[in-house]
Amino acid sequence: MTEPTPRIPVTSTPRAVLERYHRAMLSMSADDLADLYAVDAVHEFPFTSPGFPARFEGREEVRAGYRAAWGASPAEVTELRDVTVHETGDPGVIVAEHVVVGSLPARDLTFTVPGLLILHVRDGLIVRVRDYMDGFGVAASRG
């Protein structure tokens, strides 16, 4: 089976990729998120949350994993705040801090989940992510 071609230009900088990553989070679009990844990319969760894998290997595993997680979640992402981007000595690597704000409409609750991403971008695509999320915040966001 042939891998789908991503819908983003290969001239994207790490900051531009991060902006698209955040837009995909806000819309909870697994397809938009996965399209940011190289075919053989790795997405790691060093602080795994209950019921969530430690890593996704490859673009299609990212797509399937986020489609399942976001599709099964009663949570809605409403805002990303406190976004701070740190440059590194490697022009293809940035570190991004953010706070995900969301809601559980059925329970009339809101939540916040702080996170940190170490994003490795090559040729405009994500090749590796280390995704540090607050596991208790993630569990709360799932209801």
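Throughout, read-outs are computed from the coordinates displayed, never taken from laboratory work. What you are looking at is a predicted structure, and each value in this text was computed from that prediction instead of being measured. As a convention, Cβ positions derive from the backbone with ideal geometry for all residues, glycine included, and neighbour counts pool all protein chains shown.
Hey, what do the phi angles of the stretch 68-83 turn into as Karplus ³J(HN,Hα) couplings, whole Hz, using 6.51/-1.76/1.60 and θ = phi - 60°, x for Gly and Pro?
5, 5, 6, x, 8, 8, x, 7, 10, 7, 10, 6, 10, 10, 6, 6
Using the crude model of +1 on Lys and Arg Cβ and -1 on Asp and Glu Cβ, and no other charge, please compute the dipole size for the stretch 14-141 relative to its Cα centre, in debye to 20.
100
Using 7 Å Cα-to-Cβ label points, what is the Asp40/Val85 separation (nm, one decimal)?
2.7
Please give me the summed charge of the neighbours of Leu80: other residues whose Cβ is under 15 Å from its Cβ, Lys and Arg +1, Asp and Glu -1.
Local charge sum for Leu80: -4.
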